[in-house]
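Student: Structure below; questions to follow.
The values are calculated or read from the model by the stated rules, or taken from the named source; none is laboratory data. Predicted model only: the values in this text are computed from it and were never measured. Because the Cβ atoms are built from the backbone with ideal geometry, glycine has one as well, and the counts that use them run over all protein chains shown. Side chains included, ligands, DNA and RNA excluded: accessible areas come from the protein's heavy atoms. Shrake-Rupley method; radii C 1.70, N 1.55, O 1.52, S 1.80 Å.
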Amino acid sequence: MREIALGQWTYFAWHLPTALLCVATGGLAAAMARSLYREEFTVAERRLRFSLVGWSAVLCSVLSIAAWPYLSAFSSVEVQRDGTWTLHNYLGVPVAVVPPGEARRVEGEDLGGLNLGSGRIRVLRADGTAVESVRISGPRFERARGELGYPTWALRPSRGSVLTGPHTYGPDGPVIGDGVASR
């Protein structure tokens, strides 16, 4: 088993406090709504609690807009001995599990013409879904490509992105058919 880290912790240093603040403001909104339902208040107290519910709900929704993309994007790939990929977000929570026999395509998206930009890795699964990584640099993509065992002849550039053809992943790395190199 090996793990390939894609993101740096500095990219996410702001994210954990944002996610915790999102949970706290959502909890505050729920607590104020519950107190409005259960207790009797004067008009001024009721108005204050309604304001707290509204503003904390707005703040919670804005914070969740900032936090969600990093909770649903993977920042590391754990490769099991049999070739199973487990994609984890930066908190270590599995985002997706790709079995070794499942056909997939890997795309280094929007890395710039010379892989000098900052883009994402996208794993296109056999069922049509796509799982995206956090933002990574071109050199980090090259390092991940090497650690995952993708040969350079299996990659083809396309409008600033780098693509592989459909393939499976076994214990020794990607199992690429002959048609991939000719595309």
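Student: Using the structure shown, decide if GLY119 is modelled with pLDDT under 90 and either touching a helix residue (DSSP H, G or I) at 6+ places or on another chain (Cβ under 6 Å) or on the phi > 0 side of the Ramachandran plot (or both).
Tutor: Numbers: modelled with pLDDT under 90: yes; either touching a helix residue (DSSP H, G or I) at 6+ places or on another chain (Cβ under 6 Å) or on the phi > 0 side of the Ramachandran plot (or both): no.
No.
Student: Another question about this same structure. Taking VAL97 as the residue in question, decide whether it is closer than 26 Å to PRO139 by Cα and touching a Lys or Arg at 6+ places or on another chain (Cβ under 9 Å).
Tutor: Values: closer than 26 Å to PRO139 by Cα: yes; touching a Lys or Arg at 6+ places or on another chain (Cβ under 9 Å): no.
So VAL97 fails the test.
Student: Now a separate question. For ARG104, all conditions in the list (1) modelled with pLDDT of 90 or more; (2) surrounded by fewer than 17 Cβ atoms within 10 Å (Cβ to Cβ); (3) within 30 Å of VAL175 (Cβ to Cβ) hold save one; what is the number of the exception?
Tutor: (2)
Student: Tell me which residues, restricted to segment 143-165, are open to solvent by 70 Å² or more (accessible area, probe 1.4 Å) and either touching a residue at least 60 places away in the same chain (Cβ under 8 Å) or out of contact with any Lys or Arg (no Cβ under 7 Å at 6 or more places or on another chain) (or both). If you could, list the steps in order and put the result at the bottom.
Tutor: Keep residues of segment 143-165 that are open to solvent by 70 Å² or more (accessible area, probe 1.4 Å), which gives 143, 147, 152-153, 156-157, 159.
Within segment 143-165, ARG143, GLU147, THR152, TRP153, PRO157, ARG159 qualify.
Student: Only residues that are of a type outside the set (Phe, Trp, Tyr) and either surrounded by 13 or more Cβ atoms within 10 Å (Cβ to Cβ) or part of a helix (DSSP H, G or I) (or both): list them for segment 166-176, please. First the steps, then the outcome.
Tutor: Within segment 166-176, the subset of a type outside the set (Phe, Trp, Tyr) is 166-168, 170-176.
Once the filter is applied, which keeps residues that are of a type outside the set (Phe, Trp, Tyr) and either surrounded by 13 or more Cβ atoms within 10 Å (Cβ to Cβ) or part of a helix (DSSP H, G or I) (or both), segment 166-176 yields PRO166, HIS167, THR168, GLY170, GLY173, PRO174, VAL175, ILE176.
Student: Also, I was wondering about something else. Please specify each residue of segment 78-101 satisfying the condition of being in a loop (DSSP other than H, G, I, E, B) and either surrounded by fewer than 19 Cβ atoms within 10 Å (Cβ to Cβ) or at positive phi (or both). Show your work before the answer.
Tutor: Within segment 78-101, the first condition is being in a loop (DSSP other than H, G, I, E, B), and the residues that meet it are 80-84, 89-93, 99-101.
Hits for segment 78-101 are GLN80, ARG81, ASP82, GLY83, THR84, LEU91, GLY92, VAL93, PRO99, PRO100, GLY101.
Student: Return the residues of segment 10-34 that are of a type in the set (S, T, N, Q) and either at pLDDT 90 or above or outside any helix (DSSP H, G or I) (or both); say none if nothing qualifies. Walk me through it before giving the result.
Tutor: At the first step, the residues of segment 10-34 found to be of a type in the set (S, T, N, Q) are 10, 18, 25.
Selection gives THR25 alone.
Student: Out of all the residues in segment 51-77, which are open to solvent by 30 Å² or more (accessible area, probe 1.4 Å), within 22 Å of THR129 (Cα to Cα), among the aliphatic types (A, V, I, L, M) and in contact (Cβ under 8 Å) with a residue 24 or more places away in the chain?
Tutor: The one that is open to solvent by 30 Å² or more (accessible area, probe 1.4 Å), within 22 Å of THR129 (Cα to Cα), among the aliphatic types (A, V, I, L, M) and in contact (Cβ under 8 Å) with a residue 24 or more places away in the chain: LEU71.
Student: Is there a residue being modelled with pLDDT under 85 and surrounded by fewer than 17 Cβ atoms within 10 Å (Cβ to Cβ) anywhere in segment 122-135?
Tutor: No, segment 122-135 contains no residue that is modelled with pLDDT under 85 and surrounded by fewer than 17 Cβ atoms within 10 Å (Cβ to Cβ).
Student: For segment 168-176, indicate whether the set of residues that are modelled with pLDDT under 85 and in contact with a strand residue (DSSP E or B) (Cβ under 7 Å, 6 or more places away or on another chain) is non-empty. Break it down into steps so the answer makes sense when it comes.
Tutor: Step one: filter segment 168-176 for residues modelled with pLDDT under 85, giving 176.
Retained after the next criterion (residues that are in contact with a strand residue (DSSP E or B) (Cβ under 7 Å, 6 or more places away or on another chain)): 176.
Checking segment 168-176: at least one residue is modelled with pLDDT under 85 and in contact with a strand residue (DSSP E or B) (Cβ under 7 Å, 6 or more places away or on another chain).
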